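Q: Just passing along the structure, written as structure tokens.
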Amino acid sequence: DQQVKQNSPSLSVQEGRISILNCDYTNSMFDYFLWYKKYPAEGPTFLISISSIKDKNEDGRFTVFLNKSAKHLSLHIVPSQPGDSAVYFCAASALRETGANNLFFGTGTRLTVIP
Amino acid sequence: DTGVSQDPRHKITKRGQNVTFRCDPISEHNRLYWYRQTLGQGPEFLTYFQNEAQLEKSRLLSDRFSAERPKGSFSTLEIQRTEQGDSAMYLCASSLAGLNDGGELFFGEGSRLTVL
């Protein structure tokens, strides 16, 4: 049973425009959310995170928004650059329940930024 | 290179054989994780070590799977009597602190297993 869902397997965006990647979750115990980026032949690398006590977290060109009532989060990349082309994974954890040792990942969205 | 190192990068084996993967975490990291990723899926948690103690195991980790971290440094993941369904990328990650302490998981490049 997929507790973290990324319903868009792929997304193409023009360079300089905004990329919006979406993620939905079903487990109401999740209270910590992360985005990872993965290039081919490499392991996932951490990008940005957000705690459930916040609804927005920003780091440079990357902003994550959390809507707890809708169990939805999104990653905005502005402006998008060709180097952002990668697979993006949404992940979630229930810090209070599992002790933060178990991340649940979505299936990923492949972002292509067109120069 | 001081990142997470995994060996071998690729392993092809016949069904029924045993395989072992090794993970060398970042040297000062006391926490180590194993994940499995199949085609078209995200990584799935398998097990977690803090130092040499295996503190969590997923239900995905059947009796044919065993993981060790004998001295709290490198770890091995052994799969006995491999099945075709074991074909996947096995990812190792390490961290200095837990997520609830602001820790960040650093992943290795993975060990790809193909069971014929």
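Read-outs throughout are calculated quantities, based only on the coordinates presented, and are distinct from any laboratory measurement. Nothing here was measured: the structure is a model prediction, and the numbers come from that model. In this analysis, Cβ positions are derived from the backbone assuming ideal geometry, glycine residues included, and neighbour counts consider all displayed protein chains.
Q: How big is the charge dipole of the protein assembly as shown about its Cα centre, in debye rounded to the nearest 20, if each Lys and Arg gets +1 on its Cβ and each Asp and Glu gets -1 on its Cβ?
A: Once rounded to the nearest 20, the dipole reads 520 debye.
Q: Between residue A:59 and residue A:26, how many nm apart are label points set 7 Å from Cα along the C-beta direction?
A: 2.9
Q: Now, a different point. When a/c is below 1.5 the answer is rounded, else prolate if a/b is larger than b/c, else oblate, so apply that to chain B with a ≥ b ≥ c taken from the square roots of the Cα gyration tensor eigenvalues.
A: prolate
Q: Right, something else. Could you name the lysines whose alpha carbon sits less than 20 Å from that of residue A:56, not counting residues in the same chain fewer than 8 places away?
A: Here the lysines satisfying the reach criterion relative to residue A:56 are A:5, A:37, A:68, A:71.
Q: Need the C-alpha centroid separation for segment A:1-51 versus segment B:54-105, integer Å.
A: One Cα centre to the other: 23 Å.
Q: Using Cα pairs under 8 angstrom and six or more residues apart, how large is the relative contact order of chain B, in percent?
A: 36
Q: Using alpha carbon coordinates only, what is the Rg to Rh ratio of segment A:50-99, with Rh defined as the Kirkwood radius?
A: 1.02
Q: Can you work out ³J(HN,Hα) from phi for every residue in segment A:76-88, in order, using Karplus 6.51 cos²θ - 1.76 cosθ + 1.60 and θ = phi - 60°, giving whole Hz and x for Gly and Pro?
A: Values, residue by residue: 10, 10, 9, x, 6, 10, x, x, 7, 4, 5, 9, 10 Hz.
Q: Using +1 at the Cβ of each Lys and Arg and -1 at the Cβ of each Asp and Glu in chain B, identify which of B:54, B:18, B:32 lies farthest towards the dipole's positive end.
A: B:18
Q: Given charges of +1 on the Cβ of Lys and Arg and -1 on the Cβ of Asp and Glu, with all other atoms neutral, how large is the dipole of segment B:5-116 about its Cα centre, in debye to the nearest 20?
A: That gives segment B:5-116 a dipole magnitude of about 480 debye.
Q: Of all the C-alpha pairs in chain A, what % are more than 22 Å from each other?
A: Here the long-distance tail beyond 22 Å is 28 percent of all Cα pairs in chain A.
Q: Averaged over every viewing direction, what's the projected area of the C-alpha convex hull for the protein assembly as shown? Give it in nm², one decimal, please.
A: 12.6
Q: What trypsin sites (Lys or Arg not before Pro) does segment B:11-78 have in DSSP loop regions with at most 10 other beta carbons within 10 Å?
A: For trypsin sites (Lys or Arg not before Pro) across segment B:11-78 that sit outside H, G, I, E and B with at most 10 neighbouring Cβ atoms in 10 Å, the list reads B:14, B:59, B:71.
Q: Pull up the cross-link candidates among the aspartates and glutamates for residue B:11, meaning alpha carbon to alpha carbon under 16 Å and not fewer than 8 places away within one chain.
A: B:78, B:83, B:86, B:109
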